[in-house]
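For reference, the structure is listed below as structure tokens.
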Amino acid sequence: MSREGGLTGRRLEDAFMLNFLKRATAPRTRGGPSPARTSLEAYLTAAPAQVDTPRYPPADPGLPVVSAAAVMASQRDLVERLRATCGFDDAGFRTHVVAPVEAVARHVLLLPASSHEHFAGPGGLFRLCLEMALFCRQAAQSRMVEPMAPAEVRRAAEPRWRHGCLLAGLLCEIPRTLSSLAVTDEAGREWPACLGGLDAWLERVQADRCHVVWREGTDPVGAETAGVLGDLVPKATLAWLNEAAPSVVPSVFRTALGQASPDGDELARVVLATRARVLAVDSVTRRSRYGRLRIGHHLELHLVDALRHRVATQQWACGQAPLWFGLDGLFIEWPAAADAVRHDVIRNGVRGVPLSAFTLAEVLGQAGFLEASAPGLWFWRIHPGAEAERTAVKVADPRALLGHVDAPRLGRHLARPAEVDAPATVPAPSSAAPGEPPAADLASDEAALADVWRRCLEGGRTDLIGWLPGQRLALSQELLSLSGHDVAAAAAVLERRRWLGRGDWPSPTARAGLLVFDGAVKPGLVLNDAGVAQLGLAPRAA
């Protein structure tokens, strides 16, 4: 072939390939209209907002702009507790409590209190201010001011001093937080915090979202934040405080700015002690302690929230089933309480919550919410009263569930560590012949389990129970229910006797998992060969 002919052939091949690519990427019209495919070039040139695909690293979505009334409504429970604590009539409560609280809500809206530590979520700063106000006021109730003063002087000064503790608690976190952050709108304009509230500024710049930028290594309380505090307390309240207790107003602002010494100022001592308590409780109750950032369910967060809701709404009370608080810790009857908690989580809109109470306990345990009775085992045997022994889980830190609730303790230990924590010895092989009833030294619950399992084996119920290699038995969740147990309770029984086997599951430490029963996949447990022999379940020799 000549050189000219070779070039002509290559041009024909190039033209053919070009036409093929045009046809392949052109919109399809056969059989009716269809949308054109988006080309790679269109994606590469599109603005980020036009591409509805998650990006990594994710961008900060910012905080939505909401009204101060909505912020206050989100913490209605604390506002009502303030009303019950302060002792003002309706007019006094509106003037001396609601007015400064609303001013704080307008000033901070949904700002967090810190970047990643205490009260770090949206609305965290306002929540912290309210908790400090409430608990400072409660702590002040038992303090006596100027005990040597005449009675009429004390009667006038003490309510003002106690209200000063409330105001100092309400205000003391604001300078710390505002000195540590900057707030901007979408265009990057910065909020001048010392010139007015965040709500007024966002309305003025017509923003629908704002962004927080944390300043690392700044002065904990900047001088510019001092001007903010005077605008948050009504002048009528300052005048009322000054009438009979002139020293209270300076003490309130010194304490709020962190300039008061607890050695010489009782009000500052109350605020600092309360702050330590509030932050300690938050450290064990905040969601980030029990959650991990990942794709999928943060199931432990929803479980902990459901448990706390039952305590906060007094559906559960310490000293009544299923909640027991003894000298050795806080226990929740489990699996007895598991179904109620699971249904609470589902009612809150979470889907895919595991059925097994054992799995739920393991989720809470791995998140650090529960204390193990033995490595990898979350169940305890407790004796809350004269009634029979119960199975329970132990909360690692009672404050993580009770929060600020002062719950009464029973004056005794509930668990028997020797039975739960001591390693059990592997039972000797049964002397009973294969297929005969189990030995008489079995506990009643073990003998009852074995009787149901034997009858299912003899009846050929392979949809409930089946043999695995190595003389092991697969036990389905349905079979365990027939035995009066769920997976968690049966696992506790088998684990105690070292009869719990391991299935072919992804996790080598899993005690329960999916097994095949008569062609169907179901959750269940594995009884190991020692358990089969001891319970007399081995098949008869041919």
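Throughout, read-outs are computed from the coordinates displayed, never taken from laboratory work. Everything numeric here is computed off the predicted structure, so don't read it as measured data. FYI the Cβ positions are ideal-geometry reconstructions off the backbone, even for glycines, and counts take in every protein chain you see.
The simple spin-label model puts a point 7 Å past each Cα toward its Cβ; for ASN242 and ARG347 those points are separated by 5.2 nm. Over the stretch 289-421, the Kirkwood radius and the radius of gyration, each from Cα atoms, give a ratio Rg/Rh of 0.95.
Between the residues CYS456, ALA492, LEU515, the greatest Cα displacement towards the positive end of the dipole of the stretch 444-534, with unit charges on the Cβ of Lys, Arg, Asp and Glu, is found for ALA492. Loop-resident GluC sites (Glu not before Pro) (DSSP state other than H, G, I, E or B) in the stretch 70-172 with no more than 16 further Cβ atoms inside 10 Å of their Cβ: GLU117.
Each of PHE325, LEU301, PRO384 was scored by the projection of its Cα onto the charge dipole of the stretch 289-421, and the greatest displacement toward the positive side belongs to LEU301; charges sit on the C-beta of Lys, Arg, Asp and Glu.
Peptides 455-465, 268-278 ordered by packing proxy, namely the average of other Cβ atoms within 10 Å per residue, highest first: 268-278, 455-465. In the distance distribution for the stretch 444-534, Cα-Cα pairs more than 22 Å apart total 14 percent. Label point 7 Å out from GLN320 along Cα-to-Cβ: which residues of the stretch 399-413 have amide N under 15 Å? From the stretch 399-413, the list is 407-408. Taking amide H atoms as placed 1.01 Å from N in the peptide plane, the amide H of LEU370 lies under 5 Å from those of GLY365, ALA396, each 5 or more residues away in sequence or on another chain.
For the pair ARG409 and ASP77, a Förster radius of 22 Å applied to the C-beta separation gives a FRET efficiency near 0.30, rounded to the nearest 0.05.
Spin-label model, ALA388/THR313: points 7 Å from Cα along the beta carbon direction are separated by 3.1 nm.
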